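To start, the structure itself, in structure tokens.
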Protein chains: 4
Amino acid sequence: MARLLPKLDGVFLQAVSEVAAVNLMYGCGAAGLPSMTFTSSPGFSLMLEGISYMIGAEVPGVFVDVMRGGPGLGNIAPEQSDIKLACRGLGHGNTHGIVLAPATPQEMLDFTFLAFELAFKYRNPTFVLCDGYLGQMTGRVQLPDALVDPGIPSWAVYGDRAHRRNLISSIQLSEADLEAHNVHLNEKYAAMSCDEQRADLYHCEDAEVLLVACNTPARMAKGAVRAARQAGVRAGLFRPQTLWPFPTRILEPLLAGVRRIVVVEASNGQLEDEMRLALSHAEVHGLPDILPVRHFGGVLPQQDEILEAVLRTAAPRSIS
Amino acid sequence: MARLLPKLDGVFLQAVSEVAAVNLMYGCGAAGLPSMTFTSSPGFSLMLEGISYMIGAEVPGVFVDVMRGGPGLGNIAPEQSDIKLACRGLGHGNTHGIVLAPATPQEMLDFTFLAFELAFKYRNPTFVLCDGYLGQMTGRVQLPDALVDPGIPSWAVYGDRAHRRNLISSIQLSEADLEAHNVHLNEKYAAMSCDEQRADLYHCEDAEVLLVACNTPARMAKGAVRAARQAGVRAGLFRPQTLWPFPTRILEPLLAGVRRIVVVEASNGQLEDEMRLALSHAEVHGLPDILPVRHFGGVLPQQDEILEAVLRTAAPRSIS
Amino acid sequence: MARLLPKLDGVFLQAVSEVAAVNLMYGCGAAGLPSMTFTSSPGFSLMLEGISYMIGAEVPGVFVDVMRGGPGLGNIAPEQSDIKLACRGLGHGNTHGIVLAPATPQEMLDFTFLAFELAFKYRNPTFVLCDGYLGQMTGRVQLPDALVDPGIPSWAVYGDRAHRRNLISSIQLSEADLEAHNVHLNEKYAAMSCDEQRADLYHCEDAEVLLVACNTPARMAKGAVRAARQAGVRAGLFRPQTLWPFPTRILEPLLAGVRRIVVVEASNGQLEDEMRLALSHAEVHGLPDILPVRHFGGVLPQQDEILEAVLRTAAPRSIS
Amino acid sequence: MARLLPKLDGVFLQAVSEVAAVNLMYGCGAAGLPSMTFTSSPGFSLMLEGISYMIGAEVPGVFVDVMRGGPGLGNIAPEQSDIKLACRGLGHGNTHGIVLAPATPQEMLDFTFLAFELAFKYRNPTFVLCDGYLGQMTGRVQLPDALVDPGIPSWAVYGDRAHRRNLISSIQLSEADLEAHNVHLNEKYAAMSCDEQRADLYHCEDAEVLLVACNTPARMAKGAVRAARQAGVRAGLFRPQTLWPFPTRILEPLLAGVRRIVVVEASNGQLEDEMRLALSHAEVHGLPDILPVRHFGGVLPQQDEILEAVLRTAAPRSIS
């Protein structure tokens, strides 16, 4: 990035810490400039305070979190360890941001573009959550035909005369003012939740066993779907591309014929929890059996064990 | 604390930052010493990285988070803004810690004692989550009759000869080792989840409308229960004292006769989400109607509006 | 600078602290890039550790210190409070750097160019020391006709193939190695001391009273010289443009006919001490009487009191 | 210290950085509590800003700097690398503090006691400057018979009713106020300079060759004095115990019969410079020849080479 950004009229900054990085982004975003940072799990948690400030002040920015094995320092292998942190723990407050989950190098590129678009559309940070495997993968991608200079938005606190009157403050010390600000933010989250659900469907139309997976584990799940179909089982893959909002609207219509959901993840049920919570809100009761395939610490679920879960006759309960 | 701790053979340390505070606690806990810190929402988010390290290294410690209005700096009025962060976003990893939610000064005291007991029992940080109202309240409390010096646990990295061989490392760089470590931690979370559910019940035995609330909002809810009973409605209050694990085992048997749950909270549905997720895992389907009473920014739900929700004939849907 | 530097193919970076700033400069300089920072007294002291590392690793860089009133935070008025720190206290070690002392906006510009030249010539940080008055002054300056791109020096640790083999380490842990490194550095300081003495002379050729002053106080001293000449006293102004090395070689030949030196400074004798120490090394004994005119805290010596010191018949001792 | 201080009713604090350490000391000192810190060269330079604040606010404290080889990180072997920093570069302002230079474990102890006494007497930080050899030496020492609890001084900003009205501010933003504050501080430095000069004399009464040395090098110099006397040369050792103020009043009367001074130091002339500057102010002209014996990087001057310098017939010039 240090080499490439100047050619694109961009600036690369090496911050002295994660806390410094998020606050530099706060400043950039407040000035109306598109900015992004890259980090990995422990670094991401150090940015949460600043993200909460950005959400409160309605400042855009793009955060890429290449999730690693945890807890603590862990290792840099592909665990999906931060899903709940990104979807449920952004900042300390009642806050949300759109969380995109790419599964390929092309989606890494496309979702980053999309993340900027969404961040400025909603004036809210957007998150690209991928795993250590994707973070170290090289692949051929299709670049966009043209880049558009977004210009400086009218609300920006930019240093020229036109923007000098803008001042964004997240401090609403009176309880009534802060409640009103939260009501406004909640309406924004509701709009995001309604309009920005995204998912990729693979053989879902007639599926009796539905695999749910994202990031790299979705690639193994796809292989398992193909193998299951060859074995005569009507399997399909539901791959959420947004983890928050969880794409319930797309999922719900598929559930009628499904007798089992197999959630494949490199974490201890974080993706499953997002799905459960979303379905609970969607008043989807009478769920199919949910069967987990989980790994941790950088070990990825393998096609064979996924297939085994798809084909298993008796559906055991998930425990968590 | 600076004045009182020395009299109890304790040490008070003013850290230079939240990041410093959590790392001091990491050190104290690793040496087998009981340590605690107090913070408020944004400060808590800065501690998450360190908490993840402590959980990974199985180091005890007690964190008191006096939740404030958010997002960002917000104000110091009583919002329950960090429930999801404490229950779902501890550290970046697949981690959990027991979260206690006091509602009175006496519980503030008792749950702090309990938090130390649980932290050392499970060698895992424990969290006391209260709100800005409780944090600024004075009340008469019953002190324990005696304090027991816990001594230095056998596993501690203490600086004497007996403990010198202990060394705790959270770095398991190989994927297989890190997965095994996570399996071990998950078993510990499962044990906590099974054995440490706590709740306080008030007129729940015959309740047809069940109020669910914790911290200060539970006090207004209690008043509403009394008022509803006087109005002839069989209301009851289910007050979780542990937010993680959510006390589903205690809640579930009560639900048979309940036709409506009213979740009263000073947040936008964080407590409700914990309940929904726990009930989803408990395979409790066919939930009663769930009706929220929510406030933000330090505004607290008032008895009248809670009562109004209890008495309302048609149960509107919760939106989130 | 944030606006201007990009037009000159430069980069402006806002560091999060003085410690961060000096370490960013360490990195830039090691990569062979010209870099500079601006600070004011307390900030400068926080950079000393990094400066010591830069001198040890022979890394160039330009530091502009706009000296303020002290001690502590003081005020931002024109005291010459850091002369001894810049000339005698650079880093903790046995280190030196050339210290330039401009007196006009034009010299502010010219000495900054010169500072870069000297920093790269000697691979050593260079310092521009001015005062709060100069730091806030606007003046018309003559820009250079052309700027030369210095290119990347052969020794730089630059990220391309040609420079990849360079590695500069200041860690010489064995005593003998570290002594040899110090001998090398001392030879470099001796070369700077010999070749880089600079001073501006005003009516010094026949002076019987020699005023010594630098930075803004030199402007008042110049006025006093003119007034003294009108009063029939052969006064002159010796204005060191390098404070380290102190320009003894230029001063010494002037002293023969001088019966009194008046040191005019906005500090408590720091300039006088540099002169005394340099003259002691130059084995100039039998000094003329030295009479100080000193102010602090942002108060500047005024022409009248300087003139009074020039004209005073009996020369009192300086006390310090 | 962590083990010993509690037994003496003291508190041991591990600061997260040198900047934190000096600011903790600022707070302790302002509260009237005796506090000290230990550091080594680069760490000391990071404390200069805080020391400047302490001097400005007239807050006592004791700093022990175990000087190491430099520049930069260097090594931890015994160089006397910080003499000029401690004597000429304290903080960025026109500031001074008493600098004590022990040569034995007993003096390490005694000078630390003395440093506290002087720090509170003058309400100014005091410095104990020793070298890496002394810092790692064990020796039998004579403890004091009794320790006196100094109590809380009347000026302290202590948290009880009696001291609540004290407020010390180093911010004198108006130039006239800040000048007046500097005049007051300068008077204090003058009093220290006059009353606190200390030196240890060994065979100085009839010396024709005077060795000047402090810290560990003074021990080699003492051996050289004995050897020189055996060789028939009247040598003596002048060992400054205060480096600032330099003990000129004790040195000056000894100089009458001295034809050569040999300055023995583990630095490139820092001790010699302090002596030269002090003698210049004392108007001691017509100095004896000054011959340096210098080493760096942790190499110590050895008795033989010192003796050789003492016995050398022709006195070469010192170069610096």
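The values are calculated or read from the model by the stated rules, or taken from the named source; none is laboratory data. Keep in mind that this is a model prediction, so the values were computed, not measured. Note that we place each Cβ from the backbone using ideal geometry, even for glycine, and neighbour counts take in every protein chain shown. To get the accessible areas, we keep the full protein, side chains included, count just its heavy atoms, and leave off ligands, DNA and RNA. Shrake-Rupley method; radii C 1.70, N 1.55, O 1.52, S 1.80 Å.
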Write down the accessible area per residue of region A:187-280 in Å², having rolled a 1.4 Å probe over the full set of protein chains. 30 Å²
Report, as an integer, the average count of C-beta atoms from other chains found within 10 Å of each Cβ along C:131-140. 0
Along the charge dipole of region C:72-125, pointing to its positive end and built from +1/-1 on Cβ of Lys, Arg, Asp and Glu, which listed residue (C:His96, C:Gln106, C:Leu85) has its Cα farthest out? C:His96
Percent breakdown of C-alpha pair distances by 5 Å bin, ordered from the shortest bin, for region A:1-126: 2, 11, 20, 25, 23, 14, 5, 1
Could you give the C-alpha radius of gyration of region A:272-314 expressed as a fraction of 2.2 N^0.38 Å, taking N as the number of residues it contains? 1.43
Return the long-range amide H neighbours of A:Ser35 (sequence gap of 5 or more, or a different chain), with a cut-off of under 5 Å between placed amide H atoms. A:Val62
Given charges at beta-carbon only (K, R positive; D, E negative), |dipole| of chain D in Debye: 480 debye
What is the antiparallel percent of DSSP beta bridges lying wholly in chain C, to the nearest 5? 20 percent
Work from the charge dipole of region C:214-320 (Cβ charges, +1 for Lys and Arg, -1 for Asp and Glu, about the Cα centre) and give the residue of C:Gly297, C:Ser267, C:Pro247 farthest towards its positive end. C:Pro247
Taking the Cα centre of the protein assembly as shown as origin and charging only Cβ (+1 Lys, Arg; -1 Asp, Glu), how large is the dipole, in debye to the nearest 20? 0 debye
For C:62-71, mean number of other protein chain Cβ atoms within 10 Å: 5
Just list whichever of A:Lys121/A:Lys188; B:Lys121/B:Lys188; B:Lys7/D:Lys7; D:Lys121/D:Lys188; C:Lys84/D:Lys84; A:Lys7/A:Lys121 have alpha carbons separated by over 20 Å in the model shown. A:Lys7/A:Lys121
Could you tell me how many degrees, from 0 to 90 and to the nearest 10, lie between the Cα long axis of helix B:48-57 and the main elongation axis, the longest principal axis, of the Cα atoms of chain B? 60 degrees
Give the interface area between chains A and B as buried accessible surface, both sides summed, probe 1.4 Å, in Å² to the nearest 100. 5600 Å²
What part of the accessible area of chain B, given as a whole %, is carbon or sulfur when the probe is 1.4 angstrom? 54 percent
Axis carrying B to C; for chain B the Cβ-nearest residue and its rounded Å distance come to B:Ser17, 6
To the nearest 10 square angstrom, how much accessible area does D:Trp155 have with a 1.4 angstrom probe? 40 Å²
Cα-Cα pairs above 16 Å in region B:230-320: how many percent? 56 percent
One decimal, nm, shortest first: give the distances between the label point of B:Gln142 and those of the same position in the other copies, each label point 7 Å from Cα along Cα→Cβ. 6.2, 7.2, 9.1
Amide H partners (placed H, <5 Å) of C:Val263, local residues excluded: C:Val212, C:Leu291, C:Val293
Roll a 1.4 Å probe over the protein heavy atoms and report the accessible area of B:Ile250 in Å², nearest 10. 50 Å²
Quickly estimate the mean residue ellipticity at 222 nm for the protein assembly as shown, helices only: each DSSP H run with n ≥ 4 gives -39500 (n - 2.57), and the total goes over all residues, rounded to 500. -11000 deg cm²/dmol
With every protein chain kept in the model, how would you rank C:Arg68, B:Arg123 by accessible area, 1.4 Å probe, largest at the top? B:Arg123, C:Arg68
Give me the distance between the Cα centres of region A:66-81 and region D:210-238, rounded to whole Å. 64 Å
Quick one: putting +1 on the C-beta of Lys and Arg, -1 on the C-beta of Asp and Glu, what dipole do you get for region B:156-293 around its Cα centre, in Debye to the nearest 20? 660 debye
Exam field: A:Gly257 pseudo-label spacings to other copies (7 Å along Cα-Cβ), nanometres: 4.5, 11.2, 11.6
Which FRET efficiency value, to the nearest 0.05, do you get for C:Val284 and C:Asp145 by plugging their Cβ-Cβ distance into 1/(1 + (r/R0)^6) with R0 = 56 Å? 0.85
Calculate log10 I(q)/I(0) of region B:122-208 for q = 0.25 Å⁻¹, where I(q) comes from the Debye formula with a single equal point scatterer on each Cα and nothing for solvent. -1.25
Given a Förster distance of 30 Å, report the FRET efficiency between B:Ala15 and D:Gln136 from their Cβ-Cβ distance, rounded to the nearest 0.05. 0.50
Between the modelled labels at A:Val233 and C:Asp160 (7 Å from Cα along Cα→Cβ) the distance in nm is 5.8 nm
What are the label-to-label distances in nm, one decimal and shortest first, from A:Arg165 to the same spot in the other copies, with labels 7 Å along Cα to Cβ? 5.2, 6.4, 7.6
Radius, Kirkwood style, for chain A when every pair of distinct Cα atoms is counted (Å): 20.6 Å
Mean separation of Cα contacts under 8 Å, 6 or more apart, over the residue count of chain B: relative contact order %: 17 percent
Over region D:174-320, what is the mean sequence separation of C-alpha contacts under 8 Å (at least six apart), divided by residue count, expressed as relative contact order in percent? 25 percent
By accessible area of protein heavy atoms, probe 1.4 Å, what ranking do D:Tyr133, A:Tyr26, B:Tyr122 get, highest first? D:Tyr133, A:Tyr26, B:Tyr122
Taking the convex hull of the Cα atoms, report for region D:143-279 its projected area averaged over all directions, in nm². 13.5 nm²
Among D:Gly72, D:Asn23, D:Gly61, pick out the residue whose Cα is farthest towards the positive end of the charge dipole of region D:1-111, where Lys and Arg carry +1 and Asp and Glu carry -1 on C-beta, about the Cα centre. D:Gly72
Calculate the tail of P(r) for the protein assembly as shown: the fraction of all Cα-Cα distances greater than 63 Å, expressed in %. 23 percent
What is the Cα centroid distance between region B:244-312 and region C:1-37, reported in whole angstrom? 55 Å
